[in-house]
1. Give me the accessible area per residue for the chain, probe 1.4 Å, as a whole number in Å².
2. Where in the range 29-48 is the amide nitrogen less than 17 Å from a point lying 7 Å along the Cα-to-Cβ axis of ARG3?
3. At 7 Å along the Cα-to-beta-carbon direction for both MET31 and PHE88, put a label point, then send me their distance in nm to one decimal.
4. Can you run phi through the Karplus equation (6.51, -1.76, 1.60; θ = phi - 60°) for the range 83-92 and list ³J(HN,Hα) in whole Hz, with x for Gly and Pro?
5. Between their Cα atoms, which of LYS6/LYS83; LYS15/LYS86; LYS15/LYS83 are more than 24 Å away from each other?
6. Output the relative contact order of the chain, whole-number percent, from Cα pairs under 8 angstrom with separation of 6+ residues.
7. On the accessible surface of the chain, probed at 1.4 Å, how many percent belong to carbon and sulfur atoms?
8. Step through the residues of the range 7-15 one at a time and calculate ³J(HN,Hα) from phi using the Karplus curve (6.51 cos²θ - 1.76 cosθ + 1.60, θ = phi - 60°), rounding each to whole Hz and writing x for Gly and Pro.
Amino acid sequence: MVRLNKNGGPRNPEKIDRMCALFTDLSSKDMKRDLYIVAHVIRIGRMLLNDSKKGPPHLHYRRPYGCAVLSIVDVLQSLSEIKEEKDFVLKVYT
């Protein structure tokens, strides 16, 4: 889980090196399947869209905001061609 601030940046920039995942239990059989990274984006805050100061300040709701998907096959193909680090962008659908 990665927590972001209202601008979309990391909430704790000093912990940016911990924002990663390593999958060690994928076999070669798994890698031949269609695998996807799925990101569920959850908004935590007031129920109002504009975050005005009306209402009780202590109530924060957790609700769905969007979803993003990235194919693992695309990642592996581009990494094998370039042989260096690359950033991948996931489009969030709201």
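1. Values: 8690 Å² over 94 residues.
Per residue, the chain has 92 Å² of solvent-accessible surface.
2. 41-46
3. Here the answer is 1.4 nm between the modelled labels.
4. 6, 8, 5, 8, 8, 10, 9, 9, 7, 8
5. Correct reply: LYS6/LYS83; LYS15/LYS83.
6. Relative contact order comes out at 24 percent.
7. Values: 4800 of 8690 Å².
Taking all protein chains in place, the chain shows 55 percent carbon and sulfur surface.
8. Result, rounded to whole Hz: 8, x, x, x, 5, 10, x, 6, 9.
The values are calculated or read from the model by the stated rules, or taken from the named source; none is laboratory data. Quick caveat: nothing in here was measured; it's all calculated off a predicted structure. Virtual Cβ from ideal backbone geometry, glycine too; neighbours counted across all protein chains shown. The area values use the complete protein model at the heavy-atom level, side chains included, leaving out ligands, DNA and RNA. Shrake-Rupley method; radii C 1.70, N 1.55, O 1.52, S 1.80 Å.
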